[in-house]
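One structure below.
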Amino acid sequence: MKIKGLNMFKYIFLIISFISISFYSYAETIEIEMLNKLGKEKMVYSIKVAKVDIGDTIIWKSVDKGHNVQFVEMPDGVEKFKSKINKDVEYKFEIPGIYLYVCTPHKSMGMIGLVVVGDDLSNLDKIKKAKMGGKSKKIFKELLKEL
């Protein structure tokens, strides 16, 4: 079957390609700064609860020295993730759910954050069971209220 000079296979391929390109062009990139101080807070990520869509990327910027990103709880199927200290790092979120991350050296000082991918809260019970100590315990409770 021909459609204006193109066979059906080529026509379908072009449509699928266009849809795929359009979908990926809408993926967003969010930057989160790793900071020693933000206002009155010390040892903090500039965004504590990020809500993203599947396919979006977060870049954690090493603005101040001594920080990193480590996923401590995440949806099933996500591999462990831990960045190097003092390095910018990015992660593309492909699996929906809640991701709890910390700055390894400053976890007890409250340097924690959450990413919610695709408005999926299906692993909330697992996230709530995460062990937090020090200042992180109080901050963690506050962050959960934002979900």
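Derivation of every value follows stated rules applied to the coordinates shown; laboratory data play no part. Computed from a predicted structure; not experimentally measured. Virtual Cβ from ideal backbone geometry, glycine too; neighbours counted across all protein chains shown.
Structure above, values below:
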{"read-out": "Condition broken by K92, with the remaining ones in (1) surrounded by fewer than 14 Cβ atoms within 10 Å (Cβ to Cβ); (2) more than 10 Å from the chain's Cα centre (by Cα) satisfied", "value": "(2)"}
{"read-out": "Looking only at the range 33-56, and only at residues there that are part of a loop (DSSP other than H, G, I, E, B) and in contact (Cβ under 8 Å) with a residue 12 or more places away in the chain, the one that is surrounded by the most Cβ atoms within 10 Å (Cβ to Cβ)", "value": "D56"}
{"read-out": "Residues that are basic (K, R) and touching a residue at least 12 places away in the same chain (Cβ under 8 Å), drawn from the range 130-147", "value": "K135, K138"}
{"read-out": "Close pairs (9 angstrom Cβ cut-off, 6 or more residues apart or separate chains): surrounded by fewer than 18 Cβ atoms within 10 Å (Cβ to Cβ) in the range 57-80, among the polar types (S, T, N, Q) and assigned to a strand (DSSP E or B) anywhere", "value": "T57/T29; I59/T29; V63/N36; D64/N36; K65/N36; G66/N36; K80/Q70"}
{"read-out": "Residues within the range 113-128 that are loosely packed, with under 13 Cβ neighbours inside 10 Å and in contact (Cβ under 8 Å) with a residue 24 or more places away in the chain, tallied", "value": "2"}
{"read-out": "Per-region count, the range 95-112, residues in contact (Cβ under 8 Å) with a residue 60 or more places away in the chain and over 18 Å from K84 (Cβ atoms)", "value": "3"}
{"read-out": "Matching residues in the range 129-138 - criterion: being buried (at least 17 other Cβ atoms within 10 Å of the Cβ) and touching a strand residue (DSSP E or B) at 6+ places or on another chain (Cβ under 6 Å)", "value": "S136"}
